[in-house]
């Protein structure tokens, strides 16, 4: 079991798979939109003095007539406003905010505006619109070679899996449902273990080629998974000619779903949800490790693929660092963040005689897992009962670990490196 300890010096002169001393870890202006509502007071009209009473029925004066018109119109406006409020606040109704009317704002780079709703995201546990809750997730293979950072679109992902691919270089499976970024990538090749994690979400699986094992599996057909290989679906992707191949392939979430609809692929989905626990009420969840975890060092080899997460107390999130600097999103310029950081240990086995040093990773079964949330750590288990079932994170008694509603990052690490996991 990994213990809290001081993080040692990282020696990066050579990429040698040996235990080394690691270096000490590196220690919204959201503008409010105010509606200026000018209150229109009803005009007070002075009544003319009555000179004499007529025996006939009095005629409605010109001034009185317009008074009645004014008040009647006001009543109609109030009734219409009440009706509008009732309709808009029905569960599942999409909010119409000021951004929807602003042609200068690129909607594909905006997180969707969410009204309080009975619908909950199966990926994040957050309240979302019915449209978002039923949207089939888009799972994209994204490269993590040091020359392509910062990548595009990672900050919009609801869930990210991270695992080694070849020579220890890690790669991401970024899953999108709520956020629809206009640029996602660079998109790279498939691996069989990433297929296992995408299929449990019944997702679109976007990639460019893949290992022999992965392509053979996809060719046979994977139940509930829609394979979207760039080789046979070029229109769902594009290449940025300003960048070198093969590191210049991208897709866009909104146009990807349009492409899927044109192909008559299923775009509505409801994967089995995780159980999320409100961090303010954890009385029913045992604290498996009562230790502080404000800084986390996730061990990978080569050492420059180590990940540092730093807890931001004010925001209740972990910020991601790589190579001694914040890991940013090219679209937003902001540092990648997560409410939940999970490190799961399993078998990561090199493929014999593979010239590219690729690996196989065990995804079905169980193993040790650490959950970092709210600046503390919980130790438990990951378990996946079948290829189709959802990976779960539980304690020894089978109770779900207390995931906060929000973004989750999962780092998959070889179990031989558990003692190298550091936090303090």
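Between residue 213 and residue 364, the modelled labels are 1.3 nm apart [label points 7 Å from Cα along Cα→Cβ]. Inter-part distance, the stretch 367-390 to the stretch 119-149, computed on C-alpha centroids, equals 19 Å.
With an a/c value of 1.5 or above and a/b not larger than b/c for the gyration tensor axes a ≥ b ≥ c computed over the alpha-carbon atoms, the stretch 361-424 is described as oblate. Fully extending the segment from residue 147 to residue 248, taken as 0.36 nm per residue of separation minus the present Cα-Cα distance, adds 35.2 nm.
With both labels modelled 7 Å from their Cα along Cα-to-Cβ, the residue 389 to residue 120 distance reads 2.1 nm. Hey, for a label at residue 275 modelled as a point 7 Å past Cα toward Cβ, could you say which residues of the stretch 117-161 have their backbone N under 17 Å away? Residues 122-126 fall inside that zone.
Exposure proxy for 384, 415, 379: other Cβ atoms within 10 Å of each Cβ, ordered fewest to most, give 415, 379, 384. The simple spin-label model puts a point 7 Å past each Cα toward its Cβ; for residue 304 and residue 396 those points are separated by 4.2 nm.
When the alpha-carbon atoms of the stretch 291-423 are used, the pair Rg, Dmax equals 15.5, 49 angstrom. For the pair residue 234 and residue 379 in one chain, pulling the backbone fully straight at 0.36 nm per residue adds 47.9 nm over the alpha carbon distance.
Bear in mind these aren't lab numbers, they're just calculated from the coordinates by the rules spelled out. Please read all numbers here as calculations on a predicted model, not as lab measurements. Neighbour counts are summed over all protein chains in view; Cβ atoms, including those assigned to glycine, are modelled from backbone coordinates with ideal geometry.
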